[in-house]
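Down below is the structure, laid out as structure tokens.
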Amino acid sequence: TAVMGRFGRGLAVRRDVAIGDLLFVDKAWVVGNYEDLLDAAMKSLEDCSDLQLHRLMELYDGTNGANPLMEKLLPGRVARNVPLDHAELDEERLQRILRFNAITRWSLLDGELSSTVKGDDGDGNTPGTTGTGYAAGLWCLASFVNHSCRPNVNFTFLGDVLTCRATRNLKAGDELLVGYVRLDRPLLFRRKELSATFDFHCTCHRCILEEALVPDGSKYLQQIERLTQVPSKDKSFPWIEAWSSLYRQIEYEISLSIKQRGKELDQDLSLANSLDALFEKSWTPEHDQQREERLKHQEELRNNIARLQGQAKPVGFEHPGREDVYS
């Protein structure tokens, strides 16, 4: 269903869905080499019905993001009793629609399907910066899925057919979010690419936390780039160990930053919401029980210290906040 979400108009699920569930299937309106996509799209317009034309004009073109989506005009909906006034889609606007909505991926020349993200050919390159040899297309329904650096859906392709599946359990009303760029890169690189290609500054929960807790994540880029090359089977164990080591380095830095930021994590609303969204909502009931036991233990320690100091209660004691929980 159409929604006006945190990042503008988008799509949300109507009911609870489980990880792996199929959410929708979308056939491309036009597909081809990226360099020739505008010409192919202009040719497709010649045989475009009024309904399809209006559906195309609903897509984001850089100027209409505040306009609410008309539910009946979503691809796949039965558009009965929808007034379709005369409309024209000029080449300039169509070019803008393709810029913001075309999905690029490796071509099938090497027999493999690869990148499934908007504006990224799988090697971190944005449209217009690579040579020939990679495919692009316009999938109208998928175009309404907004970006997040912590997505909850994934796109896969079979020819010109796109399928969207949930990568996390979703509740009714949750907005669908997909990654437009490579998500294994630090904040600086993701934001730079998103700004250059899609004209927005990402403020998803992951970006807010990375900016606060790992401000210099670019120092890990070289290690990440090296580790994204999957080794041969006989070298897989050192590769796994290297990933684990990198994970521990980043985990330590985050834990240290949480302790240094202290009560700011409770007082800064954006940080508090981001921490809760990324950590608490991922926890199982067992995690909740462990957290409650830890908080109870911390309170007992504080009370014991207060008694040893001859105090009726801990001086300045507050209920353990996010600093205590997440570090």
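Mind checking the dipole of the stretch 1-61: about its Cα centre, +1 per Lys or Arg Cβ, -1 per Asp or Glu Cβ, Debye to the nearest 20?
On the way: 7 positive and 11 negative charges, 96 e Å.
Value, rounded to 20: 460 debye.
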- Here, trypsin sites (Lys or Arg not before Pro) of the stretch 223-267 satisfying both criteria (DSSP loop; at most 16 other Cβ within 10 Å) are 263
- Item | Expected-Rg normalisation [2.2 N^0.38 Å, Cα atoms] applied to the stretch 158-314 | 1.37
- Using a 1.4 angstrom probe on heavy atoms only, work out the carbon and sulfur share of the accessible area of the stretch 212-279 in %. 57
- Task: For the stretch 203-254, report the accessible area per residue in Å² (1.4 Å probe, heavy atoms, rounded to an integer).
- Result: 67
- Query: How large is the charge dipole for the stretch 196-304, taken about the Cα centre, if only the Cβ atoms of Lys, Arg (+1) and Asp, Glu (-1) carry charge, to the nearest 20 debye?
  - Reply: 340
- Task: Compute the length gained on full extension between residue 264 and residue 304: take 0.36 nm times their separation in residues and subtract their Cα-Cα distance, giving the result in nm to one decimal.
- Result: 11.8 nm
- Cα-Cα over 30 Å: which of 219/296; 263/296; 171/259; 27/233; 219/259? 219/296; 171/259; 27/233
- Cα-centre dipole for the stretch 229-280 with unit charges at Cβ (Lys and Arg positive, Asp and Glu negative), debye to 20: 260
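The values are calculated or read from the model by the stated rules, or taken from the named source; none is laboratory data. Worth saying up front: this structure is predicted, and the values here are computed from it rather than measured. Neighbour counts run over all protein chains shown; Cβ positions are idealised from the backbone, glycine included. In case anyone asks, the SASA skips ligands and DNA or RNA and just uses the protein heavy atoms, side chains included. Shrake-Rupley method; radii C 1.70, N 1.55, O 1.52, S 1.80 Å.
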